[in-house]
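Remarks on the structure that follows.
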Amino acid sequence: MAEPLAYLNGRISPISQTALQVFDLGVAMGATVTEMTRTFRLEPFRIEEHLARLFRSIRAVGFAMDHTPEALADLARQLVDHNGRLLPGGHDLGITMFVTAGTSLTYTGLAGAETNRKPSVCVHTFPLPFELYAPKFTTGLHLVTPAIRALPADCLDPRIKCRSRLHWHLADEQAREVDAQAMALLLDHDGYVTETSSSNVCVVNGRKISTPRDSKVLAGISLAVVKELARGLGYEWVETDLTPLDLMSADECFTTSTPYCLMPVTRINRRPIGTGVPGECVAQLLNAWSDAIGFDVVEQIVVGAEERRAQRGTLGD
């Protein structure tokens, strides 16, 4: 049976044979910057913008990167060309790239000095897990603000996309103790809204859409797309400080993220937002995104979810 391919440190091989060494600093310390984009009809979406953000992160952390953005883009397209043939028709891929800090001298001693600061570079793909997202286009996403706070910028700049994410895992665990269907929305130490582990958040009041200041959150590529679409629909776009009360009192709320584009949020801290069901603004933005890519993004996710569930049943899972 054909297997997806992945790239790691100069070699393209079956993904089952692609693995980091245990003394890589990406494993030993989580010292990794990362980026993810997706395809639409197996064409990478805004890959240049994702690569620009990846290389901003690399420069910020000082990794000794020896690949160019163009080289990574070529690798991504090469993998999509092969791995996309293994997908059912109408499905798409996520594309992940990550770069680690090198290897740990604690584990290698001076014998590993040559690779201590030589990054591991990986590019791989995965079938988009539509079944995780499809129900939420009807029910909406639930958010909870846990006790765990966002890391201060003087510890880790939120504009660096990295994999040092244990606090996010613990925050999501706390959120699910409050609402089993929820994910965590972290506040900063002043009590203002930041982001979730995988998405930016926006609130809607009338014809105005508000989102946290860009200095507090990762600069989302999907968020930038939604900003373009919203302005095209005549919405005012504002970056400002938001509190949980702003979400509770909003007409609508939504998140933006690469795999699903944008998602309605209908509850925060177990309280309904607006009418408690997905609203008109979200529908308009989803329609505008679908028009921009040439097909119905929600329909792809809903139909794809059904097909993936059926495939799991066929395999006896």
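The conditions of being among the acidic types (Asp, Glu), within 26 Å of Ala224 (Cα to Cα) and either without any contact (Cβ under 8 Å) to a residue 12 or more places away in the chain or buried (at least 21 other Cβ atoms within 10 Å of the Cβ) (or both) are met by Asp74. Exactly one residue out of Gly94, Gly112, Gly102 is crowded, with 16+ Cβ neighbours inside 10 Å, touching a strand residue (DSSP E or B) at 6+ places or on another chain (Cβ under 9 Å) and either among the charged types (D, E, K, R) or within 24 Å of Glu131 (Cα to Cα) (or both), and it is Gly94. Of the residues making up the range 214-230, not a single one is closer than 27 Å to Val178 by Cβ and part of a strand (DSSP E or B).
The range 1-89 holds strands (runs of 3 or more DSSP E) entirely within its bounds, and those carrying 2 or more residues that are closer than 30 Å to Phe295 by Cβ and modelled with pLDDT of 95 or more map to 5-8, 32-40. Does Ala113 satisfy the criteria of being free of Cβ contacts under 8 Å to residues at least 40 places away in the same chain, outside the structural domain of Leu286 (by TED's automatic domain parsing) and not polar (S, T, N, Q)? In short, yes.
Restricted to strands (runs of 3 or more DSSP E) entirely inside the range 106-184, those with at least 1 residues that are under 30 Å from Leu75 (Cα atoms) are 121-127. Per the listing Lys216, Lys227, the residue uniquely in the same structural domain as Ile148 (by TED's automatic domain parsing), buried (at least 16 other Cβ atoms within 10 Å of the Cβ) and modelled with pLDDT under 95 is Lys216. State which residue is farthest from Gly62 (Cα to Cα) when the search covers only the range 1-14 and only residues that are of a type outside the set (Asp, Glu) and surrounded by fewer than 18 Cβ atoms within 10 Å (Cβ to Cβ). Checked the range 1-14; the qualifying residue farthest from Gly62 (Cα to Cα) is Met1.
The values are calculated or read from the model by the stated rules, or taken from the named source; none is laboratory data. Here the structure is a predicted model, which is why all the values come from computation and not from measurement. Positions of Cβ are backbone-derived with ideal geometry, glycine not excepted, and every protein chain shown enters the neighbour counts.
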